[in-house]
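Below is one structure, written out as structure tokens, with a few remarks after it.
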Amino acid sequence: MARSFIPTLITTVSWEGFHFAGHEIRITEAKDCYGAVVWPSALVLCYFLETHAKQYNMVDKNVIEIGAGTGLVSIVASLLGARVTATDLPELLGNLQYNISRNTKMKCKHLPQVKELSWGVALDRNFPRSSSNFDYILAADVVYAHPFLEELLITFDHLCRETTIILWAMRFRLEKENKFVDRFMELFDLEEISSYPSLNIKLYKAMKKNRRSA
């Protein structure tokens, strides 16, 4: 393992174990970094991908995860056969790469890629429409009380093609999140496909609206 892959925020060797897609997955969290923790929405999305593998077939599909955090969802998608690009902010990439490398090496059909993505920033340069053809966009708990919801919406819109499917797990906490859903539905057809009331989490499927008739 290259030295640069060792997460700088981790001071003790600790990990959490999960079991998805026939593999034990060991995830290192950075407790002092909000984005490097496994949140319940990620577990919900992983469980859904595993149990609906026929309906939402990941094999050889181009998949991007936004706000990948610890990388758990990207790892599961990779183990299910997808070509995965896991993205997050630059300060999270060390831990993200570490987790993805340790859990996918010699186990996946396609080697996952880790890439920086700051929502709304340099999208045309880093993810040009001509070459960024994603079958699926995965997102778990990317909507919460942060000031970049408009940039998140712009990013969803930029990465989507007419046939791209968004699978998005979201925990509702504040009125701000409901307002984001309203804005999101201006651009996307949104369908609730699963609900976990005890966790206050909903799982959505979304596709870009057909604007040719608009």
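The values are calculated or read from the model by the stated rules, or taken from the named source; none is laboratory data. Just so we're clear, the structure is a prediction, and the values are computed from it rather than from any experiment. FYI the Cβ positions are ideal-geometry reconstructions off the backbone, even for glycines, and counts take in every protein chain you see. These accessible areas exclude ligands, DNA and RNA; they are computed on the full protein's heavy atoms, side chains included. Shrake-Rupley method; radii C 1.70, N 1.55, O 1.52, S 1.80 Å.
Using modelled amide H (1.01 Å from N, peptide plane; none on Pro or chain starts), what sits under 5 Å from the amide H of ILE165, excluding residues fewer than 5 places away?
Amide H to amide H, under 5 Å and 5 or more residues apart or across chains, ILE165 pairs with TYR136, ILE137.
Gaussian network model of the chain, Cα springs within a sub-10 Å range: biggest mean-square fluctuation belongs to which of ARG129, ARG161, ARG83?
Residue with maximal mean-square fluctuation among ARG129, ARG161, ARG83: ARG129.
Quick check on my link table: of LYS107/LYS179; LYS109/LYS179; LYS107/LYS208; LYS54/LYS105, which ones sit more than 30 Å apart, alpha carbon to alpha carbon?
LYS107/LYS179; LYS109/LYS179; LYS107/LYS208, as the Cα separations exceed 30 Å there.
Place a +1 charge on the Cβ of each Lys and Arg in the chain and a -1 charge on the Cβ of each Asp and Glu, then give the dipole magnitude about the Cα centre in debye, rounded to the nearest 20.
Using Cβ point charges on Lys, Arg, Asp and Glu, the chain gives about 540 debye.
Carbon-plus-sulfur fraction of the accessible area of segment 73-116, 1.4 Å probe, in percent?
Carbon and sulfur: 52 percent of the exposed surface of segment 73-116.
How high is the FRET efficiency between GLU151 and HIS19 when r is their beta carbon distance and R₀ equals 41 Å, given to the nearest 0.05?
The formula returns an efficiency of 0.75 here.
Restricting to the chain, what percent of DSSP beta bridges are antiparallel, rounded to 5?
55
Mind listing the phi-derived Karplus ³J(HN,Hα) values for segment 126-137, rounded to whole Hz, using 6.51, -1.76 and 1.60 with θ = phi - 60°, and x for any glycine or proline?
Per residue, the Karplus-derived 3J(HN,Hα) values read 8, 9, x, 4, 5, 10, 9, 10, 9, 6, 9, 10 Hz.
With Cα Rg over 2.2 N^0.38 Å as the read-out, I listed [x] 1.02; [y] 0.97; [z] 1.25; which label goes with the value calculated from this structure?
[y]
Shape call for segment 81-138 from the C-alpha gyration tensor, a ≥ b ≥ c root eigenvalues: rounded (a/c under 1.5), prolate (a/b greater than b/c) or oblate?
Taking the square roots of the gyration eigenvalues as a ≥ b ≥ c, segment 81-138 is oblate.
Just for the Cα atoms in segment 108-182, what are the lengths along the principal axes, largest first, rounded to whole Å?
38, 28, 24
Using a 7 Å offset from the Cα along the Cα-to-Cβ direction at both LYS205 and ASP189, what is the distance between the two label points in nm, to one decimal?
Using points 7 Å along Cα→Cβ, the separation is 1.1 nm.
Which far-off residues, 5 or more places away or on another chain, put their amide H under 5 Å from the one on LYS209, with H placed in the peptide plane?
Residues meeting the criterion, in which the H sits 1.01 Å from N, are PHE188, ASP189.
Test of understanding: what is the full-extension gain from LYS109 to ASP60, defined as 0.36 nm times their sequence separation minus their Cα-Cα distance?
16.8 nm
So for each of 147-158, 37-48 I average, over its residues, the number of other beta carbons within 10 Å; can you give me the resulting order with the highest mean first?
Highest to lowest by the protection proxy: 37-48, 147-158.
Given the rule -39500 (n - 2.57) for each run of at least 4 DSSP H residues, summed and divided by the residues of the chain, what is its mean residue ellipticity at 222 nm, to the nearest 500 deg cm²/dmol?
Theoretical 222 nm ellipticity from helices: -8000 deg cm²/dmol.
Label-point separation (nm) for ARG161 and THR51, each offset 7 Å from Cα along Cα-to-Cβ?
3.1
Percent relative contact order of the chain, based on C-alpha pairs within less than 8 angstrom and at least six residues apart?
RCO, the chain: 17 percent.
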